[in-house]
Amino acid sequence: MEQIEEKALCMWTNKRKEEEGPQRLDRPAGVPVSTTTPAEAPRKETINMSTPARPFDTEPVSARGTGPAALGKNVTIKGQIFAREDLMIDGEVEGNVECQEHRLTIGPNARVQAGLKAREIIIHGSIQGNVDATDKIDIRKEAKLVGDIKTSRIVIEDGAYFKGSIDISKAAATRPVSAAAGVQPVVTATPAASTVNNTAAAATASAK
Amino acid sequence: MKFGAGKGIFPKLSPKENVPPTITRQSSGFDQFCSVLRDSQDLSILDMSGASQANITFITGYGHRISSDDIIGTMGECFGKDFLENQGAASNAQRFLDQTLMFPDSSFDGILVWDALQFLKTPLIEQAVLQLLRVLRPGGQMLMYFNANEKASQIPVYSYRINDHRTVTQSPRPGSVYQRSQHFNNRVLEKLFERAGSIKFFLTRDHLRELIVRR
């Protein structure tokens, strides 16, 4: 009994040391941390307890669930915004907003007079300007959009105000009309999901 | 029994809610309109019933481009409660035309006007028709509905949602019942669209007159 307690204490001590040590960053992402010596390796329960499962240390901060960058409702910006992460606008913007490869959310309090460009755009607020989404545009019922839309897919709720034209890219137009039956088209993997798959593949390759 | 009595877009209103029910109806006019959608590519269509997922999906499903505008909503903004009275003011009428039909000449191959024109009175309706013909390409077509019930004066305002090439769902807009400007019989409509290339009427069993107008 005393021996078990001693080993458990040793295990937690090792973990703390490992977190403080610089060698933690050298391990490949996705590979479980092992604090046991080769002699202790057969004790699988020890390995499980000592792996805090932080395989995605190399991911950008926003992808770990801390939410998108945000412009609050009392913020006014005139000019151009370029974002390399998801962005939420709930204030007043005049100019251009680009979030290439990322999601742009226009909040319910937003008043935007700008051209918008992003991978995915979700609109709750008011926009006057052209909107270009490479993947999808989602116009919610409280939204007001005056401008032209260019996208692959569009979802528009009843009650949303839209005035302008919609240009669906050719690739989307040749797909079966599944949205008519209320079925969402197949969603492609997000960059985050790709990272997970790649990491898992790398881990498998290194294990071999 | 009177032809069409008890059917069509004037069903009995519920005494409590005073809201007409949603109706799904077959539309020969829309079927005719769709024949062009099926046979052509890269058309530009204007839908004047406001943006809806069903209509956008249907039109873009054929590979066409769709423009959306809510002509009834704009009428409400421009003319307010005294709907027909306020159409007489030149400033209101001009504001309405500026907001709804200020597209470049020959912008569209097809226009889904639905039933909006019956709420406009002379001379605004004539100006609106001229604008519609201006933004329509030569050979392009417009689909419109007019209530054919001579006795009706108050008409519920509907949103039109496309189900397929033959059926359309009419959903009442909450609280919107407008006074019709006049009764539109075939003679009135022929005169109204005398500058168009052709007019085709479709007989229906309900109180609705369907019309395809070609430029």
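Summary of values
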{"read-out": "B:P138, sole failed condition from (1) of a type outside the set (G, A, S); (2) part of a strand (DSSP E or B); (3) in contact with a strand residue (DSSP E or B) (Cβ under 6 Å, 6 or more places away or on another chain)", "value": "(3)"}
{"read-out": "Index of the failed condition, B:I162 passing every other in (1) surrounded by 14 or more Cβ atoms within 10 Å (Cβ to Cβ); (2) modelled with pLDDT of 90 or more; (3) over 15 Å from the mean Cα position of the chain (by Cα)", "value": "(3)"}
{"read-out": "Where a residue in segment A:148-168 is more than 7 Å from chain B (Cβ to nearest Cβ) and its partner, wherever it lies, is of a type in the set (A, V, I, L, M, F, W, C) and surrounded by fewer than 22 Cβ atoms within 10 Å (Cβ to Cβ), with Cβ under 7 Å and at least six apart", "value": "A:S152/A:A171; A:S152/A:A172; A:R153/A:A172"}
{"read-out": "Options B:S44, B:S49, B:S40: the member that is surrounded by fewer than 23 Cβ atoms within 10 Å (Cβ to Cβ), away from chain A (no Cβ under 11 Å) and farther than 16 Å from A:R153 by Cα", "value": "B:S40"}
{"read-out": "Filter result (surrounded by fewer than 20 Cβ atoms within 10 Å (Cβ to Cβ) and either under 21 Å from the mean Cα position of the chain (by Cα) or within 12 Å of A:D167 (Cα to Cα) (or both)) within segment A:125-137", "value": "A:N130, A:D132, A:T134, A:D135"}
{"read-out": "Candidates A:K117, A:K141, filtered to the one that is in a strand (DSSP E or B) and in the same structural domain as A:A70 (by TED's automatic domain parsing)", "value": "A:K117"}
{"read-out": "Qualifying residue in segment B:113-125 (condition: touching a Leu at 6+ places or on another chain (Cβ under 7 Å), surrounded by fewer than 17 Cβ atoms within 10 Å (Cβ to Cβ) and modelled with pLDDT under 90)", "value": "no"}
{"read-out": "Top-ranked residue in segment B:58-105 [being farther than 15 Å from B:D47 by Cα and touching a strand residue (DSSP E or B) at 6+ places or on another chain (Cβ under 7 Å); ranked as nearest to the other protein chains (Cβ to nearest Cβ)]", "value": "B:F83"}
{"read-out": "Pair list, Cβ < 6 Å and 6+ apart or interchain, from segment B:173-187 residues that are among the aliphatic types (A, V, I, L, M) to residues that are surrounded by fewer than 14 Cβ atoms within 10 Å (Cβ to Cβ)", "value": "B:V177/B:Q154"}
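The values are calculated or read from the model by the stated rules, or taken from the named source; none is laboratory data. Please read these numbers as outputs of a predicted model, since none were measured by experiment. So basically every Cβ, Gly included, is an ideal-geometry build from the backbone, and we count neighbours across all protein chains shown.
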